[in-house]
Structure formats: C-alpha cells, structure tokens
C-alpha cells in the first residue's frame, strides 16, 4: 500500500506547499497560526478593548466640556480635587511636589492622556503599550481619587487597573486594527509591517507572571485598612460658669445656651455673613462645616465625603454640601442626607450649640 499511495501523498503535499507559498507572508502566518477556536477566542477580547477605549475617550471629553475643571474657584476645579486627595493618599507627597504647584497643567495632562490612550486602543494602534499606559493612569487614580473608598470593590479605579492589565497581556489579536495600515501609509513595506517574532514560551510566561504580580499588588493595596491623618486643632477653652457672659448677639437662635461646655468654633455673626463656618471636629480632627438652616437652627457636619474622602464645600446658592471630586451632594436640612452623586451614606452630624455670647460651641 505504501508503494501505491506514496506518490499520491507526495503530490498532494507539494500542491499544499505551493498554495501556501502563493499567499503573502502576512496572510500566510495568520492562516497557519490561527485555528478557528482560537480566532473565536480572539473576538471575545473586543468588548473589553472597546469598552476601555471608549470610556477613556468619554472621560477626556467630559473634562473638556466641564467649564469648571480648569477654572480656579469652581466646584469641580482640578486644583481643589488634588488638594482634597493629597492628605489621604499614599502618594500625597508626589501630588504636593508635582501636581499642586501647577494643577491646571496636571489637568491638561490627564485629559491628553485619556484621549490618546482611548483613541489608540479603539483604533488598535500600539494596543499593548496604550493599555499599559491606561493601567498606570488608573493605578495613580486608585492611589488618589479612590484610595479612601471602602470596601475596595465600590471604587472603580482598581477594577479598571486590572482590566487594563488584562488587555495589555492579550493585546488586540490583530482584529480591527489601524496599525498596519498606518505603517504602510508611513512608507513601511508590507513585510516590515507584518513581521512578527516567533512564539517564545519564556517571554509569554514572563508577561503572565508580571501581569499576575501587578494584579496581586492592586488587590493587596485595595484591602489594606485606610486611615485618615487627623488634623491638629487648636482647642479654645469654653468660658467657665463663673464667667459673666457678654451681651447676647442680636438675632441669636432660640437654641442659645447660657453656659456652653464644648469647644468654640466661631461666632454666629460670622456664620451669617459667610454662609458657613469651617472648623475641625475636636473629636476626630476632620474638617467640618456649620450652617444655619432657614428656621434659624445651627447644624454642623463632618466635611469628609463618605464616598472617596474629599472635603465637601457649602454651596450657598443651592444650600447644599457639594463634593468637588465626584459631585456628591448632601442636604443639611435633611441631616446631610445624600441627594445626588455616588456617596453611600450621609455626612456624620456634630452637635453644636449657640451661647448667649453669640459664639458657637461643640456640644
């Protein structure tokens, strides 16, 4: 049987070799190295790739459309956000030395990075490198904007970091990519554009180990306990009962107490003039805000946002506490309940009382 079928097999293998050689090298490599099952698996990477790319493009354009992002004094000003992140971030020293001296330049850099990375990933241009840059950017955001979010799975930046690492490991698989076309338009030959190094098991193993180590690092940092650095507050001793109180300030609220026993945080007259009083909670050291409600009562709350730890501000127009980092809003008339944004719980309340001398004290 060998003598009968041997020449037929030889002729068939010769025809197959001629057919393969007739195909251009770039297409020939794809025909040989991509079985149907692997090709279907490659298509499964498209949702991740386009979701990450479009999300970065959206984030960049959203910052451009925000008129307050680069305007000092606005509620969403990048400088205000960086100042809120720095005290609680493990890389706060880098923010203070690199970003805070030029917050607008840092904001422009973030916008440019998001647009370039998003466009490169969507178009399939240097996808692995773009994904690695996206992972680095989201890792920095995780260490700053999302560092105080607990539990960690409520903060999106750590999840995005892992997703970018995954895309950096698998690449674009050559699907719907503009890279080869651009190389050809730039004058590179088809052979140079389509040349790929051979399969290297050790290199792939190294990439997988590096990716696993990066994911493990993000997870370990995510589950670490968070602590907020307490700000030292100068305690003003309250007047003793034997001290004669000064004349009452006109317009004092009905809740005035003749003999306060807490820490002085300011004067009622200043509160009415400024719209709010900023102080530090003597118990926790956290920044806090006191405001006067429409009924005349004075209330105070911890000013640390319950979402990501940024310091909220009082918007006298809306009569709401507004977080400059992610837009959470709290209503002091409703015990600082969340009325908008991603914050999960209200701001903690702080008991205060107005004395007959017109000053406000913590209870």
Nitroxide proxy distance, nm - points 7 Å out along Cα→Cβ at residue 267 and residue 46: 7.0 nm
Computed from the beta carbon distance with a Förster radius of 35 Å, FRET efficiency for residue 128 and residue 102 to the nearest 0.05 stands at 0.70
Estimated inter-spin distance, residue 283 and residue 66, nm [label 7 Å along Cα→Cβ]: 3.2 nm
What is the ratio of the Cα radius of gyration of the stretch 264-362 to 2.2 N^0.38 Å, with N the residue count, to two decimals? 1.00
Exposure proxy check on 69, 51, 85: fewest-to-most Cβ neighbours within 10 Å is 51, 69, 85
For residue 220 paired with residue 297, estimate the spin-label separation in nm (one decimal), with each label point 7 Å from Cα along the Cα-to-Cβ line. 5.0 nm
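Read-outs throughout are calculated quantities, based only on the coordinates presented, and are distinct from any laboratory measurement. Computed from a predicted structure; not experimentally measured. Note that each Cβ is placed from the backbone with ideal geometry, even for glycine, and that neighbours are counted across all protein chains shown.
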